[in-house]
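The values are calculated or read from the model by the stated rules, or taken from the named source; none is laboratory data. If you're wondering where the values come from, they're calculated on a predicted model, not measured in any experiment. With ideal geometry, Cβ positions are generated from the backbone for all residues, glycine too; neighbour counts draw on all protein chains shown. Surface accessibility is based on the protein's heavy atoms, side chains included, excluding ligands, DNA and RNA. Shrake-Rupley method; radii C 1.70, N 1.55, O 1.52, S 1.80 Å.
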Amino acid sequence: MNNGLAHERSAFINFRRYAPDPKKHGFRWVDIKQLRFSAESVSDRGLLAALIGHEQFRDDYAGGGVLPDGPRHGPYWLRLITPDFYEPISQEKAAQTLREWVDPLWDVPTELEADLQREVFARLAAADGIYYLSELGDEAIHDWGRVHDYFHELVLIDRSDGQITLIVAADD
């Protein structure tokens, strides 16, 4: 079921690839999924609902990848995620959240910074709407959902390009 969204591409940035010292990367990574929607699509909330219903959203982000009939999304039971859990945030706040997650433990290598700029921060700057998945609470955490110390999820809506981008920044 694609709910009017078509998956175009995915990208994965594994910090381990950039770290000279394997202990410095903190097992962090960023997963980016870009989907296309038609110009006559509905409201942002309608696009969020379509994203939640899309096959690409069924990813546990723990090595299993996208499971078309999977019951999990990140640390959460999929059935408990609704558009109401996505809060609109500014581009500045989204960038700050990600920068604080990326920077505190090490000097970011130049190549990693360039890839983050291209795949994440440039998309933030182009988005018409940015939504952050708020904490759903303990009852929404699935049976092994606490494998991540951090789990940041942003949804970027770019109406001029007809794209919705799901960005998950986490560790494991």
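Observations on the model:
- Residue list for the stretch 64-92, restricted to those being within 15 Å of the chain's Cα centre (by Cα) and open to solvent by 60 Å² or more (accessible area, probe 1.4 Å): F85, E87, P88, Q91
- Every listed requirement among (1) under 19 Å from S10 (Cβ atoms); (2) touching a helix residue (DSSP H, G or I) at 6+ places or on another chain (Cβ under 9 Å); (3) open to solvent by 40 Å² or more (accessible area, probe 1.4 Å) is met by L35 save one, (3).
- Flag: E55 does not match the condition of being modelled with pLDDT of 90 or more, of a type outside the set (F, W, Y), closer than 16 Å to I130 by Cα and open to solvent by 10 Å² or more (accessible area, probe 1.4 Å).
- Residue check, A122 farther than 21 Å from A62 by Cα, modelled with pLDDT of 90 or more, open to solvent by less than 50 Å² (accessible area, probe 1.4 Å) and outside any loop (DSSP other than H, G, I, E, B): yes
- Filter result (assigned to a loop (DSSP other than H, G, I, E, B), among the hydrophobic types (A, V, I, L, M, F, W, C) and at pLDDT below 95) within the stretch 125-146: L136, W144
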